[in-house]
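Colleague: Before anything else, here's the structure in question.
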Amino acid sequence: MQQPPETEPLNPPERTLMGPGPSEVHPRVLRVMSAPLIGHLDAAFIEIMDEVQELLRYTFQTDNKWTIPVSGTGSASMETAFANVVEPGETVLVPTNGYFGGRMESMAERAGGDVVTVDAPWGEPLQPDDVAAAFDEHDPDVFGFVHAETSTGVLQPHVSELTSIAHEHDAYVIADTVTSLGGVELRVDEWDIDVAYSGGQKCLSCPPGASPLTVNDRTMEKVLNRDTEVRSWYLDLSLLEGYWGEERAYHHTAPITNVYALRESLQLVAEEGLEARWERHREMATKLKTGLEDLGFELNPDDEFWLPSLNAVRVPDGVDDTELLDYLKREYDIEVASGLGALEGEILRIGCMGYSARPQNIEFLLAAIEDGLEAQGFDQ
Ligand SMILES: Cc1ncc(COP(=O)(O)O)c(C=O)c1O
């Protein structure tokens, strides 16, 4: 018989989370995660589901009936969007200006789509003229864009311009709002976004596990009238309708504790007020950015496209980014990330999200970075 491993009770380190996600979880959210489980079809849970949907509509700024938390991390809500909206043989336009545009491509391909791209350099947003030219050239059925690109720290402006180009061509628009929901201005209905997906562990300061998705009626009509079945049973919205729609019938066991957590994190958004929350993120990120500039760092994207929830700053000449990140973790238990893909070795990615976006975290991080630079012989 196999013997039990010699493990100890779980005791993870306490970190200050200032990377690209997860952010720190609000103590109220942690508290509800220790609440007792109830059944996923219990009337009391169904009431919680209704409230989560209402709170999500507020946070997305939408009236979409089809607004749900998908079981799984942000990639699950992302895959739900692409797997349901894209039918085999349809043309899907995706961006190449960051890591998550690349993930859109993989998911669209697996859904059977023919992928075409619209280009912009990593560190820059898409230009409406380039999107219009790509529409004229390829006439895509579906267009995906990333509102807040976590790999580059770029906020996509001109969202309404992009959606109107797509709608002039009768295409459906899928927006990645993983790093913007609850932290950066986002108005799904006003900006005419057809589908938006997100995650919990960024500006909502909720552990990953139940991920927001909203789909408008026009797109749901397409989904419910597909010629082919969605290739994923688990993420098929026509089946999930049974649970999250009127019927409330079993499809799969909801991740109950994650739904509690999301409910409380959205409650915190509602209490703070969405606009006040966007302002807090901007204010805290401004403090961070100013402090970093004083230490010799420079914002990588143009100020115009600055994403307050994810600050991508260029590593000053002569500074070893890996050594600095190791120092922050080793000496101060702070998590910050390095660049990805085309920006590897060139930038640091510093999150300023949700509960992590507060003055004491910013001051602590700036002081620790100053020490880390000194340890490398840089005297500011
Ligand atoms: C912009 C963006 N999209 C999608 C994802 C995928 O989310 P997850 O890692 O929670 O599956 C992430 C995660 O970092 C992200 O930043």
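The values are calculated or read from the model by the stated rules, or taken from the named source; none is laboratory data. Owing to the predicted nature of the structure, the values given are computational and were not obtained by experimental measurement. Cβ placement follows ideal geometry from the backbone for every residue including glycine, while neighbour counts extend to all protein chains displayed.
Colleague: Within the group Ser238, Ser205, which residue is buried (at least 24 other Cβ atoms within 10 Å of the Cβ), among the hydroxyl-bearing types (Ser, Thr, Tyr) and either over 29 Å from Arg280 (Cβ atoms) or at pLDDT 95 or above (or both)? Explain how you work it out, then say what you get.
Modeller: Values: Ser238 fails: buried (at least 24 other Cβ atoms within 10 Å of the Cβ).
Selected residue: Ser205, the only one of Ser238, Ser205 that is buried (at least 24 other Cβ atoms within 10 Å of the Cβ), among the hydroxyl-bearing types (Ser, Thr, Tyr) and either over 29 Å from Arg280 (Cβ atoms) or at pLDDT 95 or above (or both).
Colleague: Something else about it: Do any strands (runs of 3 or more DSSP E) lying entirely in the range 87-158 carry at least 3 residues that are surrounded by 24 or more Cβ atoms within 10 Å (Cβ to Cβ), and which ones are they?
Modeller: Details: elements: 91-95, 114-118, 142-146.
Here the list reads 91-95, 142-146.
Colleague: Quick one: which of Pro316, Pro308 is crowded, with 21+ Cβ neighbours inside 10 Å and not in a strand (DSSP E or B)? Let's see the steps before the verdict.
Modeller: Details: Pro316 fails: crowded, with 21+ Cβ neighbours inside 10 Å.
Sole residue among the options that is crowded, with 21+ Cβ neighbours inside 10 Å and not in a strand (DSSP E or B): Pro308.
Colleague: Out of curiosity, is Pro125 within 16 Å of the ligand (Cβ to nearest atom), under 13 Å from the mean Cα position of the chain (by Cα) and not assigned by TED's automatic domain parsing to the domain that holds Trp278? Please lay out each step first, then the result.
Modeller: Details: within 16 Å of the ligand (Cβ to nearest atom): yes; under 13 Å from the mean Cα position of the chain (by Cα): no; not assigned by TED's automatic domain parsing to the domain that holds Trp278: yes.
So Pro125 does not fit the description; no.
Colleague: To continue, here is another question. Looking at Leu266, Leu307, Leu295, Leu343, can you tell me which residue is in the same structural domain as His147 (by TED's automatic domain parsing) and in contact (Cβ under 8 Å) with a residue 24 or more places away in the chain?
Modeller: Going through Leu266, Leu307, Leu295, Leu343 in turn, just one is in the same structural domain as His147 (by TED's automatic domain parsing) and in contact (Cβ under 8 Å) with a residue 24 or more places away in the chain: Leu266.
Colleague: Which count do you get for residues in the range 1-46 that are in a loop (DSSP other than H, G, I, E, B) and more than 30 Å from Asp321 (Cα to Cα)?
Modeller: 20
Colleague: State whether the residues of the range 63-72 include one that is within 16 Å of the ligand (Cβ to nearest atom) and either more than 26 Å from Phe143 (Cβ to Cβ) or at pLDDT below 95 (or both).
Modeller: yes
Colleague: Any residue in the range 64-77 that is in the same structural domain as Arg110 (by TED's automatic domain parsing) sitting within a Cβ distance under 6 Å of a residue that is in a loop (DSSP other than H, G, I, E, B) and away from the ligand (no atom under 12 Å from the Cβ)? List the pairs, counting only those 6 or more apart or interchain.
Modeller: If the second residue must be in a loop (DSSP other than H, G, I, E, B) and away from the ligand (no atom under 12 Å from the Cβ), the pairs left are Asn64/Asn216; Ser71/Pro255.
Colleague: Could you run through the range 272-305 and say how many residues are charged (D, E, K, R) and in a loop (DSSP other than H, G, I, E, B)?
Modeller: To start, the set of residues in the range 272-305 that are charged (D, E, K, R) comprises 272, 275, 277, 279-280, 282-283, 287, 289, 293-294, 298, 302-304.
The next check asks that each one be in a loop (DSSP other than H, G, I, E, B); those that pass are 302.
Final tally of qualifying residues: 1.
Colleague: On to the next question. Could you list, in sequence order, all residues of the range 305-319 that are farther than 21 Å from Thr16 by Cβ and at pLDDT 95 or above? Step through it out loud before you land on a result.
Modeller: At the first step, the residues of the range 305-319 found to be farther than 21 Å from Thr16 by Cβ are 305-306, 314, 316-318.
Result: Phe305, Trp306, Arg314.
Colleague: Grab the strands (runs of 3 or more DSSP E) fully contained in the range 162-268, keeping just those with 1 or more residues being more than 15 Å from the ligand (Cβ to nearest atom) and either touching a strand residue (DSSP E or B) at 6+ places or on another chain (Cβ under 8 Å) or more than 27 Å from Phe135 (Cα to Cα) (or both).
Modeller: Details: elements: 172-176, 195-197, 209-215.
It comes to 172-176, 209-215.
Residues are listed down the side, and each one gets a yes or a no for (1) in contact (Cβ under 8 Å) with a residue 12 or more places away in the chain; (2) farther than 28 Å from Glu279 by Cβ; (3) assigned to a helix (DSSP H, G or I); (4) in the same structural domain as Thr290 (by TED's automatic domain parsing):
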residue	(1), (2), (3), (4)
Leu348	yes, no, no, yes
Gln360	no, no, yes, yes
Leu365	yes, no, yes, yes
Ala368	yes, no, yes, yes
Asp371	yes, yes, yes, yes
